[in-house]
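Down below is the structure, laid out as structure tokens.
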Amino acid sequence: MATSNRKHKKRAAGAKARQILGDLLARANSCPYRFTARPRVFRDLIVACVLTACAIAQTHTTVRHYRERIDDTPPEIAQAEDAIQKNDFTAAETLLKKAIDKDPNNYQAWFDLGFVLNRLGRADESIAAYRKSVAAKLDVFESNLNLGLMLARANNPEAEQFLRAATTLKPTAHIEEGQARAWLALAHLLENTKPEDAFQAYRKASELTPKDPEPHLSAGLLHERQKEFSDAEAEYKQVLTLDPHGTDPQSTEAAIGLTNLYMKSGRLGEAELLLRRLAAERPDDADIHLQLGRVLAAQGKKDDAITEIRMALKLAPADSDAQRDLAELLVESKKLPDAEQVYRGLIKGHPNDAELHQLLGEILLKERKFPDAQQEFIAAVKIKPDFGVAYGTLAIAANENQNYGLAVKALEVRAKLLPETPSSYFERASALDHLRDYKQAAQYYHLFLDAANGKYPDDEWKARHRLVWIESRKR
């Protein structure tokens, strides 16, 4: 059974950076924050919309609550903001272009247009509009940040330039938080290319927002990827210190990361103690129960592990990783009917997963449900025609079902995909023997005996017995 958390490992491999950058961009473009015409361009909600987790829930009505209409705001921009408030982005685009026609250097209009075009799904044009906004006024934090995030989403290397620029500029409001998010975005961008710069950026972000666990979690994940395990452990522990009661989901991920480190270093007892404490504090956290189950399984405490993973599935019934782990544990515990039930449920949700059909087929073989097993192996090879292992088990099931022709065909395909084994020789010899192709059967019995070397005593006795009979017929 895999004892490391699959989700954690995927995120640690780089998905986290893409996710956070995407989240920042989504926040930037889910809230129609606007400029004023004064030097202090944005009001408080601008940064709130772009940079805080509650931003997604903000609406244009909320924006207008903070917004101060002033006499010198071009009427087209004011009208465009009203249109954005109503999600009428097409009308807003028309009005903003009118404002730009009157003043091609109006950075406010270009910024708003960048937002509108992104909401209309025209990312390239949105980037171009944000570029115009930055070009018209270089020292605006929010326009540099949004342009950098848009470029990052487009995998454009210029993103670094604008995110770095944002880290040197002053947000209109929520200054420390805004600057921290700029550093955080830059750090995520640099993880794969400039890890040392990324660590420095995470440190800057944590200094600006010392109560935010995100920089520590991301730094921990990056340290883990760099195999700097002691540094990763320190960062994960810092996350748990900042959120001792587990109110932030990031603390769960830090706990999983920390227990993975413990498991890698053989500190399973420490991992179990940590997870049991967290499970008691957060009884409704499915990930904690799942990770505890994996730690218990690694210690050979299979019954306790099954209990924890079942608890995780009560809380998150659709978690296919937990279902797979449970099924593997049930097989190891020889609870085959229960394992069969779990795999059948998984196949309902993932009917085109060849591996699941194969695993179910193997359970059915052990339960001596040979016709059902044969059908699962056939399904597996139909989905994945180069699935060599499945052809071998299909041959076993077919032989048990007296479908000897199918067994021979399956083994012929297997031989093209995988090296022969003593078992594959024996299965083919047995099938050919039943088909009365005694010449080829004898050849494969001999190949089996040469390869078996005393490791398969029962089958070796059968092979020698059949060879005596077959070779006596020649005399």
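No value in this document is a laboratory result; all are computed from the given coordinates. Quick caveat: nothing in here was measured; it's all calculated off a predicted structure. Reconstructed Cβ throughout: ideal geometry from the backbone, glycine too, with neighbour counts over all protein chains shown.
A few points about this structure:
- Mean sequence separation of contacting Cα pairs (under 8 Å, at least six apart), scaled by the length of segment 208-344, corresponds to a relative contact order of 14 percent.
- Ordering 295, 389, 413 by the number of other Cβ atoms within 10 Å of each residue's own Cβ, fewest first, gives 389, 413, 295.
- Neighbour counts of other Cβ atoms within 10 Å put 333, 126 in the fewest-to-most order 333, 126.
- Each label point was placed 7 Å from the Cα along the Cα-to-Cβ direction; for residue 192 and residue 465 their separation is 6.0 nm.
- For residue 387, net neighbour charge (Lys/Arg +1, Asp/Glu -1) across residues whose Cβ lies under 15 Å away: -1
- Computed from point charges on the beta carbon alone (+1 for Lys and Arg, -1 for Asp and Glu), the dipole magnitude for segment 334-410 about its Cα centre is near 80 Debye.
- Percent RCO, i.e. relative contact order, over segment 334-410, from Cα pairs under 8 Å lying at least 6 residues apart: 23
- Backbone N within segment 375-404 under 17 Å of label point (7 Å from residue 435 Cα along the Cβ vector): 391-404
- Euclidean distance of C-alpha centroids, segment 362-419 and segment 104-164, integer Å: 57
- Least to most buried among 294, 310, 414 (fewest other Cβ within 10 Å first): 310, 414, 294
- In nm, spacing of pseudo-spin labels at residue 230 and residue 315 (7 Å Cα→C-beta vector): 3.3
- Label-point separation in nm, residue 416 to residue 207, each point 7 Å along Cα→Cβ: 6.4
- Taking packing as the residue-averaged number of other Cβ atoms within 10 angstrom, the listed peptides 179-192, 254-267 run from highest to lowest as 179-192, 254-267.
- Spatially proximal lysines relative to residue 439 (Cα-Cα < 18 Å; intrachain offsets below 8 disregarded): 409, 462, 474
- Karplus (6.51, -1.76, 1.60) ³J(HN,Hα), θ = phi - 60°, over segment 172-181, in Hz, Gly and Pro reported as x: 5, 8, 6, 4, 4, 5, x, 5, 4, 5
- Using a Förster distance of 22 Å, the FRET efficiency for residue 135-residue 101 (Cβ separation, nearest 0.05): 0.80
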